[in-house]
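The values are calculated or read from the model by the stated rules, or taken from the named source; none is laboratory data. The shown structure was predicted, so the numbers you read here are calculated from the model rather than taken from an experiment. Methodologically, a virtual Cβ is constructed for each residue, glycine included, from the backbone with ideal geometry; neighbour enumeration extends over all protein chains shown. Just so you know, the surface numbers come from the protein's heavy atoms only, side chains and all, with ligands and any DNA or RNA stripped out. Shrake-Rupley method; radii C 1.70, N 1.55, O 1.52, S 1.80 Å.
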Amino acid sequence: MLNNRFYSLALVVAQFVLIISICSRALPPKPGAATLPAFALIATAVILALAAIVTLRFRNLSVMPEPVSHGELITNGPYQLIRHPMYTSVLLGCTGMLILNFNLLSGVLLTMLFLVLALKVHREEALLKA
């Protein structure tokens, strides 16, 4: 399974379909939604994602779980505190979106997104070890 790029591509496609589905169901916010906590989570997600991108300096950045050929291990910035800050920022932002317009389907979609990201993490770490 380590050499299966189709599996990696399927995980990336699933990730983006789920993100778009969650975000599209969140707007406009429901009346009385906990907008302040939701926007705090979304803002934190954006800041964390930007910090991770700046720390990666774009040369290590890839949506695919396969390591880039010229990549290097990053241990500073948010990576010194969080093992996968980009995935964490995606989950934080989507959780904020879920709070804006909570419904059962969005909760299921967020759970599915968590599982897809867990599979990506597992694949990425297996490829790094190999």
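Before moving on, here are some points about what is shown:
- Whole-Å semi-axes of segment 74-113's equivalent ellipsoid (Cα gyration tensor): 27, 9, 5
- Packing-based ranking of 70-82, 15-27, 90-102 yields 90-102, 15-27, 70-82, ordered from highest to lowest mean Cβ neighbour count within 10 Å.
- For the chain, pairs of C-alpha atoms spaced more than 27 angstrom apart make up 23 percent of the total.
- Net length gained if the chain between Asn4 and Arg57 were fully extended (0.36 nm per residue, minus Cα distance): 16.3 nm
- Per residue, the chain reaches -23000 deg cm²/dmol at 222 nm when only DSSP H runs of four or more residues are counted, each adding -39500 (n - 2.57).
- Kirkwood radius and radius of gyration were both taken over the C-alpha atoms of segment 1-75, and their ratio Rg/Rh is 1.08.
- With Cα atoms, 0 to 90° folded angle of helix 35-56 axis to the chain main axis: 20
- Calculated accessible area for the chain comes out at 60 Å² per residue, all protein chains present (probe 1.4 Å; ligands, DNA, RNA ignored).
- Across the chain, the relative contact order, built from alpha-carbon pairs under 8 Å that are at least six residues apart, equals 43 percent.
- In degrees, nearest ten, helix 85-100 long axis to first principal axis of the chain (Cα): 10
- Crossing angle, helix 5-26 versus the chain [Cα axis fit, 0-90 degrees, rounded to tens]: 20
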